[in-house]
1. ³J(HN,Hα) across segment B:216-228 via Karplus (A = 6.51, B = -1.76, C = 1.60, θ = phi - 60°), whole Hz, x for Gly/Pro?
2. Return the average number of partner chain Cβ atoms within 10 angstrom of each residue Cβ along peptide B:62-70.
3. Can you compute 3J(HN,Hα) from phi for each residue in segment B:89-102, using the Karplus curve 6.51 cos²θ - 1.76 cosθ + 1.60 with θ = phi - 60°, rounded to whole Hz and x for Gly and Pro?
4. Test of understanding: what is the full-extension gain from residue B:339 to residue B:404, defined as 0.36 nm times their sequence separation minus their Cα-Cα distance?
5. Nearest 100 Å² is fine: what is the total accessible surface buried where chains B and A meet, probe 1.4 Å?
6. Given H placed 1.01 Å from N in the peptide plane, which residues other than close sequence neighbours of residue B:340 have an amide H under 5 Å from its amide H?
7. If Lys and Arg each add +1 and Asp and Glu each add -1, what is the summed charge of the other residues whose beta carbon sits under 13 Å from the beta carbon of residue B:6?
8. Report the net charge of residues surrounding residue B:111, where surrounding means a beta-carbon distance below 13 angstrom and charges are Lys +1, Arg +1, Asp -1, Glu -1.
Amino acid sequence: MEQEEAAEKIIEALKKKLKTKSKFYFNDLAKILEMKPRPAKKFITQMVVDCQLEYWSSGSTSMYGLPGTGKQAAAEHED
Amino acid sequence: MAKHETPLLDQLESGPWPSFVSDLKQEAEKRAKNEAGLELQIPVDVVDDLLGVLELSFKHGKTHWKHGGIVGVFGYGGGVIGRYCDQPEMFPGVAHFHTVRVAQPAGKYYTTKYLKELCDLWDFRGSGITNMHGSTGDIILIGTTTPQLEEIFYEMSHNMDQDLGGSGSNLRTPADCIGQSRCEYACYDTQDICHHLTIEYQDELHRPAFPYKFKFKFDGCPNCCVASIARSDLSFIGTWKDDIRIDQEAVAGYVGGEFLPNGGAHAGRDWGAFDIQKEVVDLCPTGCMKYEGKKLQINTRECTRCMHCINVMPRALRIGQETGCSILAGAKAPILDGAQMGSLLVPFVEVNPDNDYQAIKDVIEPIWDWWMEEGKNRERLGELIKRQGFQRLLEATGIEPVPQHVKEPRTNPYIFWKEEEVEGGWTRDIDEFRKDHKR
Ligand code: SF4
Ligand code: SF4
């Protein structure tokens, strides 16, 4: 899979879920790509570098989201 | 005059111990005076507001910090933990109050010059409050605002040769005991491997792809000064294969009162004459020592390397010479399911810097692959081992079951044979069987 194709797949899937969810675990993204975690990580990391995804962290856990979506509200279980 | 009244916090200062409240008040005052004439980059009253919000939390019996946030430095998924206050109007100084984790050096050796630079940077761009060190081992810088993060990171990475530590679903900053730099008990160079693996696994440290946090800790010997056995998903504890080296003359020195036991620790009180039988031989957990005819003997086959005898008589007893480490897996703190200690996975492995610790990496990497694939979100390695069984861990790492894996026979862990491992498999000749066994 090419980077572009992977990015499209993830962005599309995440946009679809935006109404209910704005933050995703790494494994959710790997599943979207239907890949094992290690190869999936290369694509996902590149998406962060390309500003297509951003990290969210509670301090103990990390999640990924589309830039600017959800913000704090999701963490407080308000949306 | 303090900005906020803090009667509940003030009460904490009345106890017999040094109080963080007094420390914070001192820092608040220092910032207000600003004798160094710094151009403070975050609110001057950040520490006053921290005291204020803490007082309010005590009053309300609940926290006024929000949960997590989207902050970090570009390209890093860890190292910065976003903290926002949910009463920003009342406490504007801590509206943003992010934590920065800074990777501590192996063995936590610093030069005073470095510490001064770090504190200067933090006075200038942060609250001035530090936590040396957090549970993971990192230097923790507590409280700054979002615009300061990249500035702090630039300064550290370009001018101080300093990286951020781990947080979130990452490899956390590996931590070690002082090891061979100061300690004669060290069975391997904890600082070297700690540093080496920190550099080697940068990607795991900074870019989260694990189900949850993952910690390495390195103890040079079973005294476990960094408590790796209780606090790390993979714990590396120094050990040895051959005999404890005994200097019988020095043993006689202890018995005769020439040397103080325990290196003179606990010597503030008169405990009576040293009794080698009572204080060493009888306390050996495996009962593998004897002291007869003024000669101390150890049955190495039975010794578990608990360190007791060596700690009591360090001049007389020394660790063996064929040294390496044991690897234990799955310890964690009590968030889910209660606290868990590490389970022995590799009884002995060489710790060899000449081949970049390959034998150890060969254990680490398959564990990660297994956990990344099978671990549920927010499931620690120790919980996965419990859920799928220790045997799955052995399969994932290709490690053969050995007696040391069995804590209590037939209970934990229970190793099952598979059909292909048994000669002839599960099929049997029923007529043959019935010759000896009636229906
Ligand atoms: S763990 Fe052992 S080797 Fe390391 S500092 Fe403690 S006593 Fe020394
Ligand atoms: S190290 Fe522990 S188990 Fe081994 S001989 Fe000494 S006291 Fe006994």
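1. Result, ordered by residue: 9, 9, 10, 10, x, 8, x, 5, 6, 4, 9, 6, 4 Hz.
2. Across B:62-70, the average partner-chain Cβ count within 10 Å equals 5.
3. Rounded to whole hertz, the list is 6, 6, 10, x, x, 10, 4, 10, 8, 7, 9, 10, 9, 10.
4. Using 0.36 nm per residue and subtracting the Cα-Cα distance, I get 21.2 nm.
5. For chain B against chain A, roughly 2600 Å² becomes buried.
6. Excluding prolines and chain starts, which carry no amide H, the hits are B:332.
7. For residues surrounding residue B:6, the net value is -3.
8. Value of the local net charge: +1.
The values are calculated or read from the model by the stated rules, or taken from the named source; none is laboratory data. Remember, predicted model here, so these are calculated numbers, not experimental data. A quick note on method: Cβ atoms are made from the backbone with ideal geometry, for glycine too, and the neighbour counts reach across all protein chains shown. Areas reflect the complete protein model, heavy atoms only, side chains present, ligands, DNA and RNA absent. Shrake-Rupley method; radii C 1.70, N 1.55, O 1.52, S 1.80 Å.
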